[in-house]
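Just so you know, all these numbers are worked out from the coordinates, no wet-lab data involved. Predicted model, so just to flag it, every value in this text is computed and none were measured. Quick reminder, even Gly has a Cβ in these numbers, built from the backbone with ideal geometry, and neighbours come from all protein chains shown.
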Number of protein chains: 2
Amino acid sequence: MSDQEEQVESHTFSVLVDNEPGVLARVIGLFSARGYNIDSLTVSETEHERHVSRISIVSSATPQVLEQIRAQLDRLVPVHMVRDLSTTERPLERELALIKVAGVGDARVEALRLSDAFRATVIDATVDHFVFEITGRSSKVNQFVALMMPLGLVEVARTGIAALSRGKSGIFDE
Amino acid sequence: MSDQEEQVESHTFSVLVDNEPGVLARVIGLFSARGYNIDSLTVSETEHERHVSRISIVSSATPQVLEQIRAQLDRLVPVHMVRDLSTTERPLERELALIKVAGVGDARVEALRLSDAFRATVIDATVDHFVFEITGRSSKVNQFVALMMPLGLVEVARTGIAALSRGKSGIFDE
């Protein structure tokens, strides 16, 4: 194996599945049974048909293992289609986080100043706390959470990544 | 059983779990094995400890079944703590959606006009398509998707709900 082959990459898979009980359990079971890593997972109903759901999964592995994951997802029975979005040009990936910060004085002023810089919005506040809503790539959210850490971070809830391809066509259009 | 008891409600659970392989599979397995409904599920690492993850699950059921779900989650071994956020005052719930709309002429103008009204932002565009990013409660996202349907909706990726309680305290602070 060359060094290049052993390099770990992060890929985003978009998966169309039957919207039936147990499907999500089977997809996640495939990852846990084989020890594949899940960095992020989101599920939603699709626009066209109520009985089809879209799962976006971000996984980090070597290129060979990522190709195994794609192939095994493709063979799973409730799966209609799988696309590796990371093979498309700069896929659109966004996540949302709610971030609670408690504090007064300078720390509070600084938290609000940083939230402006990151285009976060305040969705709940009292004299001694804020809840910020922020959206962006994961790296931006990570950076904002790290900056809030010394300013009175209380808790964070993140959604994980929703992903689409660029351009006019749908991910699963042939 | 009284009529009131049979009424289906939607509750949001916030669950702290060990961040180990297979934990998500076990939590989802509990829902699928017992036929409990999952409307939305999101997972993220927590702010404090890298080995603890937070899962937000929205489920619709009768109050008795919702209480069963809470109790069974609480008994699951990798689960540290469970809170039913719907018992707190107006929990903060937000999701993000990426929405691709293709079209020209009046439909395109109308799609852009509606995106302004819903405070959606354009994150990708050509002369004949837009990708909108929108955040809000699920009902707002549902409404926007429904409005885009006749205007050239191509596809939608949604994250599901991230949830926090209002006020200064963390969900799991006693």
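For chain B, the longest principal axis of the alpha carbon atoms and the long axis of helix B:106-117 meet at an angle near 40°.
The mean sequence distance of close C-alpha pairs (under 8 Å, at least 6 residues apart), as a share of the length of region A:92-162, puts its relative contact order at 52 percent. Counting from the shortest, the label point at B:His51, 7 Å from Cα toward Cβ, is 4.6 nm from the same position in each remaining copy. D by Stokes-Einstein for region A:41-137, Kirkwood Rh over Cα pairs, 10 °C, 1.306 mPa s: 94 µm²/s. If you take the Cα centroid of region A:99-174 and the Cα centroid of region B:95-174, the two points sit 17 Å apart.
When N is the residue count of region A:92-162, what does its C-alpha Rg come to as a fraction of 2.2 N^0.38 Å? Show your work: numbers first, answer last.
On the way: Rg = 11.4 Å, N = 71, 2.2 N^0.38 = 11.1 Å.
Rg over 2.2 N^0.38 Å, computed on Cα atoms: 1.02.
The ellipsoid equivalent to the alpha-carbon distribution of the protein assembly as shown has semi-axes of 29, 26, 23 angstrom, derived from the gyration tensor eigenvalues as √(5λ) and listed largest first. Across chain A, Cα pairs under 8 Å and at least six residues apart give a relative contact order of 25 percent. Per the Debye calculation on region A:9-88 with a single equal scatterer at every Cα and no solvent contribution, log₁₀ I(q)/I(0) for q = 0.14, 0.21, 0.23, 0.25 Å⁻¹ amounts to -0.40, -0.92, -1.10, -1.30. Compute the acute angle (0 to 90°) between the alpha-carbon long axis of helix A:138-148 and the principal axis of greatest extent of the alpha-carbon atoms of chain A; round to the nearest 10°. Tilt relative to chain A: about 20 degrees.
Over all Cα atoms in chain B, the spread is summed up by Rg and Dmax: 19.1, 58 Å. Inter-copy label distances for A:Pro78: 1.8 nm (label point placed 7 Å from Cα along Cα→Cβ; shortest first).
Can you tell me which of B:Thr159, B:Thr126, B:Thr135 moves the most in a GNM of chain B? Springs connect C-alpha atoms under 10 Å apart. Highest fluctuation among the options: B:Thr126. Placing +1 on the Cβ of every Lys and Arg and -1 on the Cβ of every Asp and Glu, with no other charges, gives the protein assembly as shown a dipole of roughly 300 debye about its Cα centre.
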